[in-house]
Amino acid sequence: MNLPTGESAEQQRASGFKQDLEHLRQVPLFQNLEYECLKLLTMLTRKIELIEGDQLMVQGEDDGNAYLVTTGKLESFHTRDATRYHIQWYEAGQFVGSFALLGTSIRLFTVEAVEKSTLLRINRIGFQKVMQKFPDAMMRIGANLADEVSGWEQDQLNRADGGILERPELVLGISLL
Amino acid sequence: MISDQEKPIYQRSLYSWVLTSKWYLQLAMIALIAGLVFLRVLPLEIQKRIVNDVLALGNAMQLLIYCLIYLLAVVFTSALKLAVNGLQTVVGQRALTDMRKELYQHILRLPLSFFRKTTPGTVVACLVTELSASATFIGEAIAVPLSNILTLLAIGGYLIWLNPLLGVVTLSIYPIALFVVPLVQSKVNTSNKSRVDVSNRMASLVTETVSGINEVHAQGSFQSEERKYNVIVERLFKIRIVWTLYRYAVKVTNNLFVGLGPVIVLLLGGYLIMQGKTELGSIVAFLSAQEKLYDPWKELIGFYDTQQDASIRYQKVMQIFEGQSEFNLIGDQAPPERAQGRVEVKDLDFVTANGIKLLDQVNLSIEGGEHVALVGYSGSGKSTLAKCIGQLYSYTGGEVLVDGYSVAGMTKEEVVKTIGFISQDPFIFSGTINDNLLYACDAIADYPDRDTPATPASIDDKIAVLQQTGIFVDVLRFGLNTVLDHDRDRELQKKFLKVRENFQANFGDEFMEHVEFYRQDSYLYHSTVIENLIFGSILNRQGLDYLEEQPQFLAFLDANNLHVPLLETGAELLLQTVDILGTDMPEDRIFFEQTPVLPDEYEGYLEIAAQLHGTPPLELKTADRRLLLKLAFRYIPALHKIIDLQPLLEKLLLNGRKQFKVWSSEQMGVAVSFYSDTEYIQSQSILNNIFYGNLTSDSPKVEDRVNQCIIQLLIEEDLLEAVAAIGMDFDVGNKGDKLSGGQQQKLSIARVLLKKPLILIMDEATSALDNSSQTRIQKLIEQWKGSCTVISVIHRLDLLPSFDKVAVMKSGKIVEFGDPRQLLAEEGVLHELAHGRKR
């Protein structure tokens, strides 16, 4: 049997639509979206596979996509003066790059696969077309995004030691933008 | 004094086109008209003679001869009329073609500022629609008035000769009509002017909306666009009603006057017969003449309407295109060879038509081969300065000198041979990559060769610029994704088989995970169901299409237990698609990428889906069942993820694959080329032929590796140029929409680099490129220091170190100029631009 991508025959036959739909339902950004809207969004997602070293997004560029990691592990980092500064790890279930769905978003970080990974890709044009068809969904997504940003900042405050509060302009105040 | 023909087209009168039309055609027309007039009068005399002489004497032979003459006159009149109409058409259409050519030539040379205030819609409407009326007029301009006035005079003269009193009274109606009709016509003209204006506005609006349709969809502004359009359409409706009513009024007024003719003849003629002052034959001739007078009169009135309509449209069109080109295309002598590329800008001003000063006393001196960056805040005048140097804008004060010669005085030939200009928003024309690549070189080749003939770009030159700009791999990919013609390129196909062999031997194991190889006993998840079943391609003209309509093939499906599972798969695909997309989905390709249903078929499939809720697929009408089979045939499990591929169907298809080989060999008229690792697969792309399978990975690293391997293999077999040439024949679509933004920009850079300009002006030319592509092009340009002067408007200040100098612009002035490192170190405007304003 020809199994080029290393997947089982069952995996190759399986459409994955329901599974992808379930994955998207878990994404905080898409919480409480109408089921019909989520189905259409799933229809426009594309499964992509990366191998170690593949770059998902590149600092300074606008790739116009957001991604949901379904398997594997990725790293985000920032490069300055040829030095690479680690930012975060991404694993299954994490959603990366949502700002690109809202409009042009020049990436401030590079995200790179550190092992073989699979992701669901949502492209900006497709996302915006779905939002045109379900205008109320945009309000929900806006509210979800605001919750996420506030939650993240609250988390920073909860974890803050003296250092972060001494120079808060560096990392805090994003939810006031 | 300048003759009308020597004036610029917008100053020429409509009548001048009549004079420039072919004189021998006009002469032929006049000769035919003379014959026509004679033949129109002849029947009147015959009628009179038959009534007065033949009938009175009872001479049958005479009657026969007169009737024969009458018949011949009628036949020849029709023949001559047809010939005159034919000549009119030729003359009119020739004039229209000349007019369109000259006007288009004039429009292309108008200053860029003209196109900022005139929309493409107006230009299209003028060239295509509004000038057409001129053709009708020019065709008729000599024939219609001449033939009809002569006919009127001849018939009028004949009537007066027959009976002076009755003749004068009958003809007296026409002068009155001549006075009244123009009064009504003036109303027609006023409405017509408004109609032309509003039609042009409508064309502009439609063009603008269609050009910006992406924005309309993105913003969902359908209703507001419809509102704007509806206002204009309603206005046009009212104007056209008034215009049409006045046009009818002209006809009705004319008919009223002409209709009075027979009443006068009957009244006065009857009285004269009763008084014995005229004969019955004369009255018959008079009544017949009324009709014969009416025809030329009606044609004259119609011609008057045509002339007025054409004049108004012509004037309106020419008013729109008033203006002169700001440069000469070519000079009397060949342009002098520029060798240095030194650019001097002295006290340069640029003021817009509205009085806004975009450049204010700009001074700049660039040595030949020097590379200078223009930077500054938005609206500081960087692009305007670049365009003034490139002669795209005509500056209003000061001057720009290239090697000591003023740019304003240069011919366009001299400019394009010296300067290469790459703009921020590249425009890709419909056609192939090759057409676009050669665009600038072909333009130069069109100028007369007055010294050495231009050498056409070789394939090596083209490949070099494609590589330099970083689009070569894309072009190779276009070539590799091409399906070669069945009967052509046999030799090439053989060479690709050799590449396949080498690929399998050298890289087969490495790509095992990323390529789905064509294997007889394996299901191909990245291929369609029908490709899986046939495991090859049908060589008939229709290929795999319409197999679902062939009874023998359907019988084969039945025999192999495939018909029902395939119908059910088609039904499942359709129902799942409808469940996700709903019933009111717009025909937008993006929503249909992961279903085998095509956007333009969706409406038809919705009806079948509705039936499927109460009827099993097998009980549908034959035509609907075939449509479901078509969906199943197109199903690719790896792409159409909305359903699962049933294991049973997969097994049946693999079994059917074996049976199909036997079945097809027994069928007449079905020629199949089966996938074989020793034969070229006609239906597949070059790349799939090399792989003998489908690439399944999206990984950029895998793609890079594939590109490296394929290029290596193509070089080994000396096929790289051939594949690049096939790739260069890739059709880029309307405005290059089959290319990405980056590919479009790289192609627009490549086409300018191909002509090897002495001075290169780049107006944010790499802004749509990713960082690595920008760096690649910047490094390439750096190699030309000393040989090519570069003036580059840039946004990314990290590119500054590669320039010799930087000019920093603010509010239309150069506020800093010098070495970029030095200026960055100083705390001036460039420092502020790079690091932000100090708090």
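The values are calculated or read from the model by the stated rules, or taken from the named source; none is laboratory data. Quantities reported herein were computed from a predicted structural model and do not represent experimental measurements. Don't worry about glycine lacking a Cβ; one is built from the backbone with ideal geometry, like all the others, and counts go over all protein chains shown.
Would a scan of segment A:106-128 turn up a residue that is more than 29 Å from A:GLY53 (Cβ to Cβ), over 15 Å from the mean Cα position of the chain (by Cα), at pLDDT 90 or above and in a helix (DSSP H, G or I)?
Going residue by residue through segment A:106-128, those that are more than 29 Å from A:GLY53 (Cβ to Cβ) are A:128.
So of that shortlist, the ones also over 15 Å from the mean Cα position of the chain (by Cα) come out as A:128.
Add one more test, that the residue is at pLDDT 90 or above, and what stays is A:128.
Cutting the leftovers down to in a helix (DSSP H, G or I) gives us A:128.
Checking segment A:106-128: at least one residue is more than 29 Å from A:GLY53 (Cβ to Cβ), over 15 Å from the mean Cα position of the chain (by Cα), at pLDDT 90 or above and in a helix (DSSP H, G or I).
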**Message:** Could you go through segment B:597-609 and let me know if any residue there is away from chain A (no Cβ under 14 Å) and over 26 Å from A:GLU36 (Cα atoms).
**Reply:** no
**Message:** Let me spell it out: the conditions are (1) surrounded by fewer than 20 Cβ atoms within 10 Å (Cβ to Cβ); (2) in contact with a Gly (Cβ under 9 Å, 6 or more places away or on another chain); (3) modelled with pLDDT of 90 or more; (4) within 13 Å of chain B (Cβ to nearest Cβ), and A:ASN2 meets all of them except one. Which number is the exception?
**Reply:** (3)
**Pairs, first outside the structural domain of B:LEU358 (by TED's automatic domain parsing) in segment B:790-812, second surrounded by 18 or more Cβ atoms within 10 Å (Cβ to Cβ) and of a type in the set (Ser, Thr, Tyr), C-beta under 8 Å, six or more apart** = none
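Could you list, in sequence order, the residues of segment B:765-777 that are away from chain A (no Cβ under 11 Å) and buried (at least 20 other Cβ atoms within 10 Å of the Cβ)? I'd like the intermediate steps shown before the answer.
Step one: of segment B:765-777, the residues away from chain A (no Cβ under 11 Å) are B:765-767, B:776-777.
Once the filter is applied, which keeps residues that are away from chain A (no Cβ under 11 Å) and buried (at least 20 other Cβ atoms within 10 Å of the Cβ), segment B:765-777 yields B:ALA765, B:THR766, B:ILE777.
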**Request:** Select, from A:GLY93, A:GLY72, A:GLY103, the only residue that is more than 14 Å from chain B (Cβ to nearest Cβ) and surrounded by fewer than 21 Cβ atoms within 10 Å (Cβ to Cβ).
**Result:** A:GLY93
**Odd one out for B:THR77 among (1) touching a residue at least 12 places away in the same chain (Cβ under 8 Å); (2) out of contact with any Pro (no Cβ under 9 Å at 6 or more places or on another chain)** = (2)
**Message:** Against the condition surrounded by fewer than 19 Cβ atoms within 10 Å (Cβ to Cβ), away from chain B (no Cβ under 11 Å), modelled with pLDDT of 90 or more and at negative phi, how does A:GLN55 come out, does it pass?
**Reply:** no
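Looking for whichever is assigned to a loop (DSSP other than H, G, I, E, B), touching a residue at least 12 places away in the same chain (Cβ under 8 Å) and touching a Ser or Thr at 6+ places or on another chain (Cβ under 9 Å) here; the options are B:LEU44, B:LEU110, B:LEU96, B:LEU39. Which one fits?
B:LEU110
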**In segment B:676-694, residue farthest from the chain's Cα centre (by Cα) [restricted to those that are assigned to a helix (DSSP H, G or I) and within 14 Å of chain A (Cβ to nearest Cβ)]** = B:PHE691
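Within segment B:644-656, which residues are surrounded by fewer than 20 Cβ atoms within 10 Å (Cβ to Cβ), within 14 Å of chain A (Cβ to nearest Cβ) and either out of contact with any Lys or Arg (no Cβ under 7 Å at 6 or more places or on another chain) or not in a helix (DSSP H, G or I) (or both)? Even if it seems obvious, please write down each step before you answer.
The initial filter retains those residues of segment B:644-656 that are surrounded by fewer than 20 Cβ atoms within 10 Å (Cβ to Cβ), namely B:644, B:646-648, B:650-652, B:654-655.
Narrowing the set further to residues that are within 14 Å of chain A (Cβ to nearest Cβ) leaves B:644, B:646-648, B:650-652, B:654.
If the condition is that a residue be surrounded by fewer than 20 Cβ atoms within 10 Å (Cβ to Cβ), within 14 Å of chain A (Cβ to nearest Cβ) and either out of contact with any Lys or Arg (no Cβ under 7 Å at 6 or more places or on another chain) or not in a helix (DSSP H, G or I) (or both), then B:ASP644, B:GLN646, B:LEU648, B:LYS651, B:LEU652, B:LEU654 are the ones that fit.
May I ask you to say which residue of B:TYR377, B:TYR304, B:TYR314 is buried (at least 16 other Cβ atoms within 10 Å of the Cβ), at pLDDT below 90 and more than 27 Å from B:GLU414 (Cα to Cα)? Before you say what the answer is, go through the steps one by one.
Values: B:TYR377 fails: buried (at least 16 other Cβ atoms within 10 Å of the Cβ); B:TYR314 fails: at pLDDT below 90.
After applying the criteria, what remains is B:TYR304.
Quick check on A:GLU36: is it within 13 Å of chain B (Cβ to nearest Cβ), surrounded by fewer than 19 Cβ atoms within 10 Å (Cβ to Cβ) and assigned to a loop (DSSP other than H, G, I, E, B)? Even if it seems obvious, please write down each step before you answer.
Numbers: within 13 Å of chain B (Cβ to nearest Cβ): yes; surrounded by fewer than 19 Cβ atoms within 10 Å (Cβ to Cβ): yes; assigned to a loop (DSSP other than H, G, I, E, B): no.
No, not satisfied.
Quick one: in segment B:665-675, of everything that is surrounded by fewer than 20 Cβ atoms within 10 Å (Cβ to Cβ) and touching a residue at least 24 places away in the same chain (Cβ under 8 Å), which residue is farthest from the other protein chains (Cβ to nearest Cβ)? Spell out the reasoning first.
We begin by selecting, within segment B:665-675, every residue surrounded by fewer than 20 Cβ atoms within 10 Å (Cβ to Cβ); these are B:665-674.
Cutting the leftovers down to touching a residue at least 24 places away in the same chain (Cβ under 8 Å) gives us B:667, B:669-674.
Working: B:GLN667: 28, B:GLY669: 32, B:VAL670: 27, B:ALA671: 27, B:VAL672: 21, B:SER673: 21, B:PHE674: 17 Å.
It comes out as B:GLY669.
Quick check on this structure: which one of B:TYR66, B:TYR104 is closer than 30 Å to B:CYS126 by Cα and hydroxyl-bearing (Ser, Thr, Tyr)? Can you show your working first?
Details: B:TYR66 fails: closer than 30 Å to B:CYS126 by Cα.
The match here is B:TYR104.
To keep it simple, each residue is scored yes or no on (1) within 25 Å of B:TYR523 (Cα to Cα); (2) in contact with a strand residue (DSSP E or B) (Cβ under 6 Å, 6 or more places away or on another chain).
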| residue | (1), (2) |
| --- | --- |
| B:ARG657 | yes, no |
| B:PHE660 | yes, no |
| B:TYR675 | yes, yes |
| B:TYR680 | yes, no |
| B:PRO700 | no, no |
| B:CYS709 | no, no |
| B:GLN712 | no, no |
| B:ALA725 | no, no |
**Complete:** Within segment B:788-832, of all residues that are farther than 26 Å from B:ASP349 by Cβ, under 39 Å from the mean Cα position of the chain (by Cα) and in a loop (DSSP other than H, G, I, E, B), the one modelled with the highest pLDDT is B:CYS788
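To keep it simple, each residue is scored yes or no on (1) surrounded by fewer than 16 Cβ atoms within 10 Å (Cβ to Cβ); (2) of a type in the set (A, V, I, L, M, F, W, C).
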| site | (1), (2) |
| --- | --- |
| B:PHE730 | no, yes |
| B:LYS738 | yes, no |
| B:SER748 | no, no |
| B:VAL752 | no, yes |
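Any chance segment B:418-430 includes a residue that's of a type in the set (D, E, K, R) and buried (at least 16 other Cβ atoms within 10 Å of the Cβ)?
Kept after step one, since they are of a type in the set (D, E, K, R), are these residues of segment B:418-430: B:425.
Adding the requirement that they be buried (at least 16 other Cβ atoms within 10 Å of the Cβ) leaves none.
No, segment B:418-430 has no match at all.
Restricting attention to segment B:624-639, does a residue exist that is more than 41 Å from the chain's Cα centre (by Cα), assigned to a loop (DSSP other than H, G, I, E, B) and within 14 Å of chain A (Cβ to nearest Cβ)?
The initial filter retains those residues of segment B:624-639 that are more than 41 Å from the chain's Cα centre (by Cα), namely none.
Scanning segment B:624-639 turns up no residue that is more than 41 Å from the chain's Cα centre (by Cα), assigned to a loop (DSSP other than H, G, I, E, B) and within 14 Å of chain A (Cβ to nearest Cβ).
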**Prompt:** What about B:LEU19, is it over 55 Å from the mean Cα position of the chain (by Cα) and at pLDDT below 80?
**Reply:** no
**Request:** Select from segment B:511-536 the residues that are more than 12 Å from chain A (Cβ to nearest Cβ) and either in a loop (DSSP other than H, G, I, E, B) or in contact with a Lys or Arg (Cβ under 9 Å, 6 or more places away or on another chain) (or both) and list them in ascending order.
**Result:** B:THR528, B:VAL529, B:ILE530, B:LEU533, B:ILE534, B:PHE535, B:GLY536
**Request:** State whether the residues of segment B:323-341 include one that is part of a helix (DSSP H, G or I) and crowded, with 16+ Cβ neighbours inside 10 Å.
**Result:** no
**Asked** Which is away from chain A (no Cβ under 14 Å) and crowded, with 21+ Cβ neighbours inside 10 Å, of B:ALA559, B:ALA571?
**Response** B:ALA571
**Subset tally (residues that are away from chain A (no Cβ under 14 Å), outside any helix (DSSP H, G or I) and out of contact with any Phe, Trp or Tyr (no Cβ under 9 Å at 6 or more places or on another chain)) for segment B:695-738** = 3
**Request:** Evaluate segment B:396-412: report whether one residue or more is closer than 22 Å to B:THR789 by Cα, surrounded by 19 or more Cβ atoms within 10 Å (Cβ to Cβ) and among the small types (Gly, Ala, Ser).
**Result:** no
**Message:** For segment B:486-534: of the residues being modelled with pLDDT of 90 or more and among the small types (Gly, Ala, Ser), which is surrounded by the most Cβ atoms within 10 Å (Cβ to Cβ)?
**Reply:** B:SER527
